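S.K.: Sharing a structure below in structure tokens format, with a few things to ask.
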Amino acid sequence: MMMGVAHFKALLEAAPDAMVIVDRDGKIVLVNAQTERLFGYERADLLGNPVEMLIPGRYRDTHPKYRDQFFTDPRPRAMGTGMELHGRRKDGSEFSVEISLSLLQTEEGFLVSSAIRDTTERKKIEKLKNEFISVVSHELHTPLTSILGSLGLVVSGVTGQISPPVKEMLQIAKSNCDRLVRLINDILDLEKIERGGANFQVEPVAVLEVIEHVLQANRGIADQYCVSFRVEDHSAAACVLADRDRLIQVLTNLLSNAIKFSPRGDHVDIRIARVSGRVRFSVSDHGDGVPDSFHDQIFEKFAQADSSDSRQKGGTGLGLSICKSIIESLSGRIWFETNARQGSTFFFELPATPDTGGQHEAS
Amino acid sequence: MRHHRELKTILYVEDEIDIQKIVRLALQDVAHLEVEISGSGREALEAIKARVPDLILLDAMMPGMDGPTTLRALREIPRLVTVPIVFMTAKAQAADITRFRNLGATDVLTKPFDPMTLGQRLRDIWDDHWRQMGS
């Protein structure tokens, strides 16, 4: 869109975010009043200078490369998704920012417009929220310990004999307490992963070995639901780059869901394949599929499809949300396919470790 | 083959009265162990002067002298050098467990715990402890 520079300047001054316009070489050509306020410079100090003066020294060397990259695909978008961005003020202090970029075509040539927002306040609130969740969850463990402990003792007959109806009621209380504990642990786990505090140990992990481990661990529950496993391995001894325990956690979650949604006597299919530099896992059940209305929410927190199927009870509603967080933190992706006739298949991919093989690659 | 004797006496350090009652039942009635209870780190240090237990079970979060501080204080007492000290905590993260071990904890148990198996777990820790010390 062609527009006169004077018209543009007026819009800029009115903008609530700091607007910094740079040319193809990264020189600042236009700023607004909010930029002066946010960074502490007079605009005369900024105009004609490299935009790198507004970022911390440690990022200055790599920034020109990112600027050039923008021009290869100049769609309007947020800058550096997933990265922590910082601005640097005149006095040397740094602050968190969020930046949106767009390309401008003007009479004077191509320019990049960046809208910069100070996110310090928002980050503070998010940190408080996460700390609150963490403290509350830990505080809840203490009364739960007493409840579970006393129920466990009474139900086991330690305090004396109890009648069957009393025992049944107490067992309900106890199993729901167990569920509460799982829920709190899941909430804590999810919060930890989402704020990046999970300390993943990423290393090459042998895929088949992990699958065997998970199948072994879930044989009990599979027998309980009369469900068998079938494994199809097209991965040719692949290894993935992942945290082994977390990979087990994801597979266990998908597998136990598949078991619970399988018809009795049926089987769950587990497939592994190589797909251009990644390993694709899939876990399939032959149940009733995921209802249409639920498709968009399936990876959301606490979304559980409304159903009279009592086997769905007992889950915390966070399992798939945690899986998604784990897989995405490991640079993978997770998705599903479903229909009412064939059931559901959950897929996820993780980076394969480069190895001497590769003849078995499919794409 | 086991050459060391059986676990018999526990000193349990915990400020919450409810959990004290549950652990006493779990260890005395279910596991047939002798339990002495101290309501704080300070009380525990006093109790040690009168009698050295086989094993100390120590809660992580206590007001005043907290778990880690009590642990450090206990580990400085010469008579307790060979006594296993087990930490009980709601925080079960690998980093926390490593930190507790580095402070001198023999092992770490997480809350909530199963009162029906608590005694056996302490017995297992006791056996492992003496096996590692070579007897």
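The values are calculated or read from the model by the stated rules, or taken from the named source; none is laboratory data. Predicted model only: the values in this text are computed from it and were never measured. Reconstructed Cβ throughout: ideal geometry from the backbone, glycine too, with neighbour counts over all protein chains shown. Ligands, DNA and RNA are excluded from the accessible area calculation, which covers all protein heavy atoms including side chains. Shrake-Rupley method; radii C 1.70, N 1.55, O 1.52, S 1.80 Å.
S.K.: Would you check which residues across the range A:78-117 are within 20 Å of A:TYR59 (Cβ to Cβ) and aromatic (Phe, Trp, Tyr) and list them?
M.R.: Selection gives A:PHE95 alone.
S.K.: Still on this model: Out of A:ALA217, A:ALA258, A:ALA242, A:ALA237, I need the residue that is among the hydrophobic types (A, V, I, L, M, F, W, C), open to solvent by 60 Å² or more (accessible area, probe 1.4 Å) and in contact (Cβ under 8 Å) with a residue 60 or more places away in the chain. Which one?
M.R.: None of the other options fit; the residue is A:ALA237.
S.K.: Touching a Lys or Arg at 6+ places or on another chain (Cβ under 8 Å), more than 21 Å from B:ARG131 (Cβ to Cβ) and more than 14 Å from every other protein chain (Cβ to nearest Cβ): does that describe B:GLY64?
M.R.: Against the criterion (touching a Lys or Arg at 6+ places or on another chain (Cβ under 8 Å), more than 21 Å from B:ARG131 (Cβ to Cβ) and more than 14 Å from every other protein chain (Cβ to nearest Cβ)), B:GLY64 qualifies.
S.K.: Next up: Check whether at least one residue in the range B:7-20 is more than 14 Å from every other protein chain (Cβ to nearest Cβ) and in contact (Cβ under 8 Å) with a residue 60 or more places away in the chain, and report yes or no.
M.R.: Looking for residues that are more than 14 Å from every other protein chain (Cβ to nearest Cβ) and in contact (Cβ under 8 Å) with a residue 60 or more places away in the chain, one finds at least one in the range B:7-20, hence yes.
S.K.: Then there is this: Take the residues in the range B:93-126 that are within 14 Å of chain A (Cβ to nearest Cβ) and over 26 Å from A:VAL155 (Cα atoms); name whichever of them is least open to solvent (accessible area, probe 1.4 Å).
M.R.: B:ASP96
S.K.: OK, next. What tally of residues in the range A:144-162 results from selecting those that are under 13 Å from B:ASP29 (Cα atoms), surrounded by 15 or more Cβ atoms within 10 Å (Cβ to Cβ) and more than 7 Å from every other protein chain (Cβ to nearest Cβ)?
M.R.: Residues in the range A:144-162 being under 13 Å from B:ASP29 (Cα atoms), surrounded by 15 or more Cβ atoms within 10 Å (Cβ to Cβ) and more than 7 Å from every other protein chain (Cβ to nearest Cβ): 1 in total.
S.K.: Here's another thing I want to ask about it. Give the residues of the range B:79-89 that are out of contact with any Ser or Thr (no Cβ under 7 Å at 6 or more places or on another chain) and either at positive phi or within 14 Å of another protein chain (Cβ to nearest Cβ) (or both), sorted by residue number.
M.R.: Selection gives B:MET88 alone.
S.K.: Go through (1) part of a helix (DSSP H, G or I); (2) under 22 Å from B:LEU25 (Cα atoms); (3) more than 14 Å from chain B (Cβ to nearest Cβ) for A:ILE125 and report which single condition fails.
M.R.: (2)
S.K.: If you don't mind, there's one more thing I want to ask. Suppose we filter the range A:96-109 for residues that are farther than 18 Å from A:HIS7 by Cβ and surrounded by fewer than 16 Cβ atoms within 10 Å (Cβ to Cβ); how many remain?
M.R.: Counting residues in the range A:96-109 that are farther than 18 Å from A:HIS7 by Cβ and surrounded by fewer than 16 Cβ atoms within 10 Å (Cβ to Cβ) gives 1.
S.K.: Further question on the same structure: Hey, among A:ILE184, A:ILE211, which residue is closer than 23 Å to A:LEU320 by Cβ, away from chain B (no Cβ under 14 Å) and in a helix (DSSP H, G or I)?
M.R.: After ruling out the rest, the residue left standing is A:ILE211.
S.K.: Which of the residues belonging to the range A:222-233 are surrounded by fewer than 14 Cβ atoms within 10 Å (Cβ to Cβ) and under 28 Å from the mean Cα position of the chain (by Cα)?
M.R.: Of everything in the range A:222-233, those that are surrounded by fewer than 14 Cβ atoms within 10 Å (Cβ to Cβ) and under 28 Å from the mean Cα position of the chain (by Cα) turn out to be A:VAL231, A:GLU232.
S.K.: Among B:ALA90, B:ALA73, B:ALA60, which is open to solvent by less than 50 Å² (accessible area, probe 1.4 Å) and either in contact with a strand residue (DSSP E or B) (Cβ under 6 Å, 6 or more places away or on another chain) or among the charged types (D, E, K, R) (or both)?
M.R.: B:ALA60
S.K.: Of all residues in the range A:337-351 being in contact with a strand residue (DSSP E or B) (Cβ under 8 Å, 6 or more places away or on another chain) and within 17 Å of A:ILE259 (Cα to Cα), which is most open to solvent (accessible area, probe 1.4 Å)?
M.R.: Only one residue fits best here, namely A:GLU337.
S.K.: To continue, here is another question. Go through the range A:22-76 and count every residue that is among the small types (Gly, Ala, Ser), surrounded by 14 or more Cβ atoms within 10 Å (Cβ to Cβ) and more than 19 Å from A:PHE8 (Cβ to Cβ).
M.R.: Selection size over the range A:22-76: 2.
S.K.: Ok, one more. Is there a residue in the range B:32-39 that is within 14 Å of chain A (Cβ to nearest Cβ) and surrounded by fewer than 16 Cβ atoms within 10 Å (Cβ to Cβ)?
M.R.: Yes: the range B:32-39 contains one or more residues that are within 14 Å of chain A (Cβ to nearest Cβ) and surrounded by fewer than 16 Cβ atoms within 10 Å (Cβ to Cβ).
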